[in-house]
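Peer 1: Structure below; questions to follow.
Rule-based calculations on the coordinates, nothing more; no lab input. Model, not experiment: these values are computed from the prediction. Neighbour counts are summed over all protein chains in view; Cβ atoms, including those assigned to glycine, are modelled from backbone coordinates with ideal geometry.
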Amino acid sequence: MAIGARPQRYRGRVFGRNDERIDALERRLAAAEARLAQAAALLDDTARVERMAAQAERMAEAVRRTVAAAADLAGTAVQPRWSPEVGKVYRSDGYGFLAVCFTGGRTDDLTILAGPDDPPSERAAEADTKHDLNSFAAAVLRPGEYWMIDARPGHGYLITYTPLF
């Protein structure tokens with residue numbers, strides 16, 4: 001018989017062994033191969049879980065950096081709101097929010113001008129109460145930006161500047 005060749009079955013016996021024993025071994029071998037195939041799928045899942053864990057670690061580090069930056073920011077002193085004068089040019093030290101609303105009295109146009117020039121020339125917002133168009137205007141002001149409010153004296157607007165951070 002050649003090396004590695006399977007023995008021939010002869011009248012229910014193979015070299016003194018029962019066919020039932022060989023059949024049982026073949027069933028066990030098939031079961032082991034099925035388990036091995038399941039293990040291969042688990043190995044693929046393990047690689048996917050490892051990638052997800054690495055991504056979660058990167059995300060956690062980004063959250064830690066964001067929280068640390070927010071904590072530093074929270075430690076800064078809060079600046080109070082104030083009412084700017086009409087016609088005066090201001091320069092924003094940081095981000096700010098300028099809100100204008102009509103509270104009654106003389107109806108007129110009001111324009112918020114902002115930009116890199118002194119005096120600013122870009123229209124950021126406008127309020128017009130003469131024609132019931134809009135009685136509120138607001139603008140976000142960026143660091144280093146010049147801004148001013150253009151309106152006639154005696155206007156009926158409440159103007160509030162709030163430094164954001």
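Peer 1: Using 7 Å Cα-to-Cβ label points, what is the Ala31/Asp150 separation (nm, one decimal)?
Peer 2: Taking the two extended label points, one gets 8.9 nm.
Peer 1: While we're looking at this one, here's another question. Between Asp118 and Asp44, how high is the FRET efficiency from 1/(1 + (r/R0)^6) when r is the Cβ-Cβ distance and R₀ = 45 Å? Nearest 0.05.
Peer 2: For Asp118 and Asp44, the calculated efficiency is 0.10.
Peer 1: Once fully extended, how much extra length lies between Arg142 and Arg21, figured as 0.36 nm per residue of separation less the alpha-carbon to alpha-carbon distance?
Peer 2: Gain on stretching Arg142 to Arg21: 35.1 nm.
Peer 1: Here is a further query. Report the FRET efficiency, 1/(1 + (r/R0)^6), for Thr160 and Ala70, where r is their Cβ-Cβ distance and R0 is 22 Å, rounded to 0.05.
Peer 2: My answer for the efficiency is 0.30.
Peer 1: Any chance you could run the full-extension gain for Ala56 through Tyr95? It's 0.36 nm times the residue separation minus the Cα-Cα distance, nm to one decimal.
Peer 2: My answer for the length gained is 10.8 nm.
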